[in-house]
Amino acid sequence: MWFRLKEDYETHEDEIHRESWGIGKIKKGAPVTVGLIFDPKGQLKPDFIFSSGGLHHLILSMLELPNSCVKSYDGDVFCATKQEFFYASYDRSSITIAKQLFHCPLCGQELKEQPTFPREEKSETFEVKLQSLLTA
């Protein structure tokens, strides 16, 4: 799944971007992929990714979230009512699951399909490089 960044986001030193690409800021409106993982206690939690790098300090409230429940092409669901996720993409039959999902499995609301990730957008328009790396 993916959502857009609500406000500019300053990266931190322990995030992939600063170490590998020198990205100091990700601008408002940038598409951020939200992967779903299980924590050590078996609880589902979001994992935030921007241009193949993890964003360790980002939280869900920092993204523009839809007002209605949405599903991705591979069956993951964001429930707008409960602000939670349903995770189907861990299984290779997830696309079949997605085709059969018409209502949110968490609240029962009718699901809308999420648009595909905007691959045509240039990520450079959403990145601000650290000044020290630009002048080096």
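The values are calculated or read from the model by the stated rules, or taken from the named source; none is laboratory data. Just so you know, these numbers come straight off a predicted model, no measurement behind them. A quick note on method: Cβ atoms are made from the backbone with ideal geometry, for glycine too, and the neighbour counts reach across all protein chains shown.
Look at the range 110-130: where a residue is at pLDDT below 85 and a partner is of a type outside the set (F, W, Y), sitting 6+ places away or on another chain with Cβ atoms under 6 Å, you get S123/S51; K129/G22; L130/G22; L130/G24. When the residues of the range 54-66 are filtered to those that are touching a residue at least 40 places away in the same chain (Cβ under 8 Å) and part of a strand (DSSP E or B), the one that is surrounded by the most Cβ atoms within 10 Å (Cβ to Cβ) is L63.
Considering only residues that are modelled with pLDDT of 80 or more and either exposed (fewer than 14 other Cβ atoms within 10 Å of the Cβ) or of a type in the set (D, E) (or both), which ones fall in the range 4-27?
E7, D8, E10, H12, K27
Selection over the range 92-102 of residues that are surrounded by 13 or more Cβ atoms within 10 Å (Cβ to Cβ) and in a loop (DSSP other than H, G, I, E, B) gives a count of 1.
Given P115, P105, P40, which one is outside any strand (DSSP E or B) and under 14 Å from R4 (Cβ atoms)? Steps first, please.
On the way: P105 fails: under 14 Å from R4 (Cβ atoms); P40 fails: under 14 Å from R4 (Cβ atoms).
None of the other options fit; the residue is P115.
Given the criterion within 28 Å of H12 (Cβ to Cβ), of a type in the set (G, A, S), buried (at least 16 other Cβ atoms within 10 Å of the Cβ) and touching a Leu at 6+ places or on another chain (Cβ under 9 Å), identify the matching residue among S72, S89, S51.
Criteria check complete, one pass: S89.
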